[in-house]
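A quick write-up on the structure given underneath.
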Amino acid sequence: MSEAALRAEIPPHISPDEPTYPVYEKLKTIHGKLEKIEREKTHTMCVSARQQPGVIQSVSLVSWKQPLTSLRPLVACSEDLAYYREQLRAIDSAREGLVIAGHIDKEDPSKTVIPPGQAVCSDALAADYALLESLTDSAQLMSAAVRAIFSQLTDEHMWATAAQTKDVSQDELKRHQDVLRHIDAERLAHGGIFAGDASTGIPAGQAVLSELLAECFELLRDIQTRDE
C-alpha cells in the first residue's frame, strides 16, 4: 500500500446544522486518534510532576506547559485498534440502506429522508477504515497483566454505563470509585504506565486502558453529580 493510501485524508467540513454532523464529528475524532498512531507508529503517554490521580492525559490531546517527568513511546496493540473498530462498526451498522442519519421508505419513497452530508460522512468512514487496517499488521497482543486490567476496566465501564439509568447507593458507588482509584494509583506509582514501568519496558495496550479508565471516571462523576 502506498504512503498516500496509508495517510487517507478526512473530508474537510460538514455543516453543524445537518443531522449527519454528530456522526461526522465522531468519525473525525476517531480519525485523529488513528492518524496519531499511524504517523508515529506509537501512542505516547506523558505524566507530569503535577498530574493528579484520576486524570488521564495524552500528549496527542493536551498542550503541555510544564516539564515532563516521563515521556515514552507506546506501541499500539490489537485491543487499541479493536476499540476503534467497534465504534466504526456501530456507525456503519446504524446506516439504513447506506444512508447516514436518515430513513429509507421503500413503500412510500416520498417519506424517504436523506440528509445532506452523505458523501462527506461516507468518505470519512472509508478513511477511518483505511487507517485502521493499515495499522493492523504492526499491532501487538496484550500481555496477560495488561489484559487483566483491560478486563477489569471493561467490567467497570459496563457497570457504570448501566448505572446511568438506575438508582445507585453511595456505598455501591464508592466501591466502584475505589476500584478505579486503585488502578490509577498503581499506574501513577509506575510512572504512568499500566502493568509495567520505564525500566522494564512499556507493554502494548496503554492507549485503550487510558481511554477506558478516563471514561469510567467520567461516568462515575456523572452518577455522583446526578445523585447529589
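Order by neighbour count: Thr20, Thr161, fewest other Cβ atoms within 10 Å first, most last. Let's see the in-between values first.
Values: Thr20 23, Thr161 12.
Least to most surrounded, the residues fall as Thr161, Thr20.
Explain nothing, just compute: Karplus ³J(HN,Hα) = 6.51 cos²θ - 1.76 cosθ + 1.60, θ = phi - 60°, for every residue of region 154-170 in order, whole Hz, x for Gly and Pro.
For region 154-170, the Karplus-derived couplings read 4, 4, 5, 5, 5, 5, 5, 5, 5, 6, 5, 10, 9, 6, 10, 6, 5 Hz, x marking Gly and Pro.
With only Lys, Arg, Asp and Glu charged, each at its Cβ (+1 for the first two, -1 for the last two), find how big the charge dipole of region 101-228 is about the Cα centre; round to the nearest 20 debye.
Once rounded to the nearest 20, the dipole reads 160 debye.
Find the relative contact order for region 142-228 and round it to a whole percent, using C-alpha pairs within less than 8 Å whose residues are 6+ positions apart.
Working: 60 pairs, mean separation 39.1, N = 87.
The value is 45 percent.
Which one, Gln152, Ser199, Ala189, projects farthest toward the positive side of the charge dipole computed for region 142-228 from Cβ point charges (K/R +1, D/E -1)?
Comparing the listed Cα positions along the dipole, Ser199 ranks first.
When only DSSP loop residues count, what trypsin sites (Lys or Arg not before Pro) in region 105-214 have their Cβ near at most 15 other Cβ atoms within 10 Å? Let's see the in-between values first.
Values: sites: Lys106, Lys111, Arg147, Lys166, Lys174, Arg175, Arg181, Arg187; in loops: Lys106, Lys166.
The qualifying sites are Lys106, Lys166.
Could you give the C-alpha radius of gyration of region 142-228 expressed as a fraction of 2.2 N^0.38 Å, taking N as the number of residues it contains?
Values: Rg = 13.8 Å, N = 87, 2.2 N^0.38 = 12.0 Å.
My calculation over the Cα atoms of region 142-228 gives 1.15.
R0 = 45 Å: FRET efficiency of Arg175 with Glu86, Cβ-based, nearest 0.05?
Values: r = 27 Å, r/R0 = 0.61.
FRET efficiency, Arg175 to Glu86: 0.95.
Here, each number is a calculation from the coordinates, and none is a lab measurement. Nothing here was measured: the structure is a model prediction, and the numbers come from that model. Every residue, glycine as well, gets a Cβ built from its backbone with ideal geometry; the counts of neighbours run over all protein chains shown.
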